[in-house]
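**Q** What follows is a single structure, and I will ask about it in a moment.
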Amino acid sequence: MTGQNHKLWGGRFETGLEQWVEEFGASISFDQKMAEYDMKGSIAHVTMLGQKGIISQTDAAAIKSGLEELLKEYQEGQLVFDISNEDIHMNIETLLTEKIGSVAGKLHTARSRNDQVATDMHLYLKAKLDEVIEKLDHLRKTLVYVAEKHVDTIMPGYTHLQHAQPISFGHHLMAYYNMFTRDSERFAFNKKHADLSPLGAAALAGTTFPIDREMTADLMEFAQPYSNSLDAVSDRDFILEFLANASMLMVHMSRICEEIINWCSHEYQFIVLSDTFSTGSSIMPQKKNPDMAELIRGKSGRVFGNLFGLLTVMKSLPLAYNKDLQEDKEGMFDTAETITVAIDILAGMLETMTVNKERMAESTEEDFSNATELADYLANKGLPFRQAHEIVGKLVLECTKNGHYLQDLPYERYQEISNLIEKDIYETLKSHTAVERRHSFGGTGFDQVKWQIEEAKKTFK
Ligand code: ARG
């Protein structure tokens, strides 16, 4: 488009933007996700303008009811946005002008799109943080619920992906419970920085109008206004924190998903995912694939990418507002949408999976994961642990050569090795005994796992 410029900011221009340039600069295709927050922010702003006598009460009332109507129309899916109005803020103002006439032009008194967009983002993120925390609560409860059913389900505990020592499956799940609890705490802390109102910072320097920033903050249910107008319009820390917290969450989700994928494989056969969370192959009729777990693992890539994208946008950015900041939105929306669904999918998979208890336990019986038990047994009877370790190591080597396990050695052989070894060694070598006896605080002993579960339950409403 050339010729006279009809933009809301068109006054000082002689010609308009060409369409392809306009498209490059526009954000309406994605920032319309903040439409409701934009209108609610404007309602708070105009209420304050009226109450402070900055515009007349009559004008304020007209603008407010116009915005309320627009909000209703938006909720009914009736609003149509136009790319030539660039972003959500100017689209709403244009629609308002069409509805109530030129009085709509008073809405933007003592305000800029710079504080307006920051306000919308804070409102959006505050709501999303609550949603994420709620979903994490459900996931954490699910983990506790499944862990409780599997306190005495024995599985191999791994280090280096090698059988290390037998553990309780409930204990394994509770480790993830702890990770997601820390994630949830991080999102809760994130709320502190999302809970500040930028509105009234105007373009960057505040305003000469006698505005009341406390009032608008209260009306929008923010804890308080930002205390520095430059910071208010240029701060995106609250989003970076969210993206970092989401990345950490994705690290945790990708770890449990990786384990789920392993556990489903023919080699492990520890669990079977429900049909609802599995897919088939278009060529191999036998396949039942853990696609959803793989997808969560894969989606960690985009979430980390969104964090890195915004870090790069923010790096070296001078104060105050720069158009670069328009690049803060898509990554935030994408991350919020990705993690809220991923959390639900993970909870659903865990809730509905079938655990093959026998197979898990069996796999700790045909291995050397009881070697520490034998070394501890000798150490308990006074042998220095290093010597005990050496003896058992040699014995494991001997067993590997002869193709059997520690529990298969005859009693006579044990007596040759050490007269400290008595018949109770066979009981000691059982996986169940190995787990049961690990009473140390936070260990995998059944009593410890039950305690962890009880403590977790106390925190649930
Ligand atoms: N669409 C813009 C953004 O998302 C709104 C703020 C525009 N402000 C300006 N001075 N150009 O950042």
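The values are calculated or read from the model by the stated rules, or taken from the named source; none is laboratory data. As the structure is a computational prediction, the values presented were derived from the model and not from experiment. Using ideal geometry, Cβ is built from the backbone for each residue, glycine included, and neighbour counts are taken over all protein chains shown. Surface areas here come from the heavy atoms of the whole protein model, side chains and all, with no ligands, DNA or RNA. Shrake-Rupley method; radii C 1.70, N 1.55, O 1.52, S 1.80 Å.
**Q** Please tell me if V392 is part of a helix (DSSP H, G or I) and buried (at least 17 other Cβ atoms within 10 Å of the Cβ).
**A** Here the answer is yes, as V392 does meet what is asked.
**Q** Take the range 308-335 and flag every residue that is more than 16 Å from the ligand (Cβ to nearest atom), assigned to a helix (DSSP H, G or I) and surrounded by fewer than 22 Cβ atoms within 10 Å (Cβ to Cβ).
**A** Result: F308, L311, T312.
**Q** In this structure, does L125 turn out to be within 16 Å of the ligand (Cβ to nearest atom), crowded, with 20+ Cβ neighbours inside 10 Å and in contact (Cβ under 8 Å) with a residue 12 or more places away in the chain?
**A** yes
**Q** Can you pull out every residue in the range 20-41 that is open to solvent by 10 Å² or more (accessible area, probe 1.4 Å) and either aromatic (F, W, Y) or more than 13 Å from the ligand (Cβ to nearest atom) (or both)?
**A** Within the range 20-41, W20, V21, E23, F24, F30, E36, Y37, K40 meet the criteria.
**Q** Oh, and also: May I ask you to say which residue of F81, F13 is open to solvent by 60 Å² or more (accessible area, probe 1.4 Å), within 16 Å of the ligand (Cβ to nearest atom) and more than 26 Å from S234 (Cα to Cα)?
**A** F13
**Q** Okay, next question. So which pairs qualify, if the first residue must be in the range 214-240 and in contact (Cβ under 8 Å) with a residue 24 or more places away in the chain and open to solvent by less than 30 Å² (accessible area, probe 1.4 Å), the second must be in a loop (DSSP other than H, G, I, E, B) and among the aromatic types (F, W, Y), the Cβ gap must be under 8 Å, and the two must be at least 6 apart or on different chains?
**A** Pairs found: A232/Y226; V233/Y321; S234/Y321; D235/Y226.
**Q** Also, quick follow-up: Quick one: count up the residues across the range 283-307 that are more than 28 Å from A26 (Cβ to Cβ) and either within 16 Å of the ligand (Cβ to nearest atom) or not in a loop (DSSP other than H, G, I, E, B) (or both).
**A** 10
**Q** What about N190, is it in a helix (DSSP H, G or I), open to solvent by 40 Å² or more (accessible area, probe 1.4 Å) and among the polar types (S, T, N, Q)?
**A** no
**Q** Could you tell me which numbered condition Q407 fails, if it satisfies all but one of (1) part of a loop (DSSP other than H, G, I, E, B); (2) open to solvent by less than 60 Å² (accessible area, probe 1.4 Å)?
**A** (1)
Per-residue answers, yes or no, for (1) closer than 30 Å to I55 by Cα; (2) away from the ligand (no atom under 16 Å from the Cβ); (3) modelled with pLDDT of 95 or more; (4) part of a loop (DSSP other than H, G, I, E, B):
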residue	(1), (2), (3), (4)
D152	no, yes, yes, yes
M155	no, yes, yes, no
N178	no, yes, yes, no
L199	yes, no, yes, yes
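**Q** Within the range 56-63, does at least one residue satisfy the condition of being open to solvent by less than 40 Å² (accessible area, probe 1.4 Å), touching a Lys or Arg at 6+ places or on another chain (Cβ under 7 Å), within 16 Å of the ligand (Cβ to nearest atom) and in a helix (DSSP H, G or I)?
**A** no
**Q** Hey, any hits in the range 137-150 for a residue that's in contact with a strand residue (DSSP E or B) (Cβ under 7 Å, 6 or more places away or on another chain), in contact (Cβ under 8 Å) with a residue 12 or more places away in the chain and within 15 Å of E259 (Cβ to Cβ)? Working first, answer last.
**A** Applying the first criterion (in contact with a strand residue (DSSP E or B) (Cβ under 7 Å, 6 or more places away or on another chain)) to the range 137-150 yields 150.
So of that shortlist, the ones also in contact (Cβ under 8 Å) with a residue 12 or more places away in the chain come out as 150.
Then drop every residue that is not within 15 Å of E259 (Cβ to Cβ), which leaves 150.
Checking the range 137-150: at least one residue is in contact with a strand residue (DSSP E or B) (Cβ under 7 Å, 6 or more places away or on another chain), in contact (Cβ under 8 Å) with a residue 12 or more places away in the chain and within 15 Å of E259 (Cβ to Cβ).
**Q** Let me ask something else about it. Does A118 satisfy being crowded, with 21+ Cβ neighbours inside 10 Å, more than 16 Å from the ligand (Cβ to nearest atom) and among the small types (G, A, S)?
**A** no
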